[in-house]
Amino acid sequence: MARILKAAVIQMANKLDTEASVAEHREAMIEAHIPWIEQAGEAGVQMLCFQEIFTGPYFCPSQDEKWYEAAEAIPDGPTTQRMMEYAKRYSMVIIVPIYEEHMTGVYYNTAAVIDADGSYLGKYRKTHIPQVAGFWEKYFFRPGNLGFPVFDTKYGKVGVYICYDRHFPEGARCLGLNGAEIVFNPSATVAGLSQYLWELEQPAHAVANGYFIAAINRVGEEAPWNIGRFYGSSYFADPRGQIVAQASETDDELLIAELDLDMIREVRNTWQFFRDRRPETYGAITEP
């Protein structure tokens, strides 16, 4: 019997003016997501992922300590706990990208992974942290320190790579070597310099590693920073690098795709990249 995975992602615009409190942002965004979560559950979706730091705006164009208040514990914080309830209700794996407080003053850009029975499986912390005009992420996030875990869920083996990580093939390969069958990349990226890479790099990762990719981006513009238009275009790519489902550039959207996980074996048996790799020759990659 074929292993068909029904997976989905949600892309969304921020719902409040950035002058609203952090608590108001969190509540507004969660409440805006709930109808889509319920729709996904009723449609039989088995895996669902949200966009990067989905509980508010992408606040990294600022260097405002107000946004430290957006960080919360994983798994004991309110957002993870609430999503655990929805995962159990709909027997649905949920990947929850939020701002994590490890301890006071130590914060990460993180995604929690919840299994279909509502149990917390673990988390991935964004590894590569950009620091360029409009993306002052080092002000808010420490680099991830948990490596590239793969989570063995009820429906398949899940890896996570967050936004800027997608520019680095090394972690994408580690996820493949660790057994990922699908990698979710929740993002916040605007039109401009890197937009042409959006549909280039991640399908290439899918091909190089023989797994599925789910790429998620938010939509809309966020004042007062106005760094550009988040262009959505969330998509699923298969192990052949083909985009098999894609959302619009402008609208809130629940994107659902049915993915044949048996394709992974078929593609890897055709392209023996794992067999033919030569790690003993790649020492330069690990040199600073």
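Rule-based calculations on the coordinates, nothing more; no lab input. As the structure is a prediction and not an experimental result, all values here were calculated from the model. Glycine also receives a Cβ, built like all others from the backbone with ideal geometry; neighbour counts cover every protein chain displayed.
Observations
- For the chain, the spread of Cα coordinates along the three principal axes comes to 53, 47, 35 Å, biggest extent given first.
- Point-charge dipole on Cβ atoms (K/R +1, D/E -1) for the range 10-121, about Cα centre, debye to 20: 300
- Dipole magnitude (debye, nearest 20) for the range 4-276, charges at Cβ of Lys, Arg, Asp, Glu: 820
- Based on Cα contacts under 8 Å between residues 6+ apart, the range 4-276 shows a relative contact order of 20 percent.
- Positive end of the dipole of the range 95-185 (Cβ unit charges, origin at the Cα centre): among 139, 155, 119, the Cα lying farthest that way belongs to 139.
- Mean-position separation - Cα centroids, the range 151-222 and the range 1-74, in angstrom: 17
- 5 angstrom amide H check on residue 245, placed H, neighbours 5+ away: 236
- Screening the chain for whole DSSP H helices with an alpha carbon extent of at least 24 angstrom along the helix axis and a mean Kyte-Doolittle hydropathy of at least -0.5 yields 22-42.
- Among 169, 203, 97, the residue with the largest mean-square fluctuation in a Gaussian network model of the chain, with springs joining Cα atoms closer than 10 Å, is 169.
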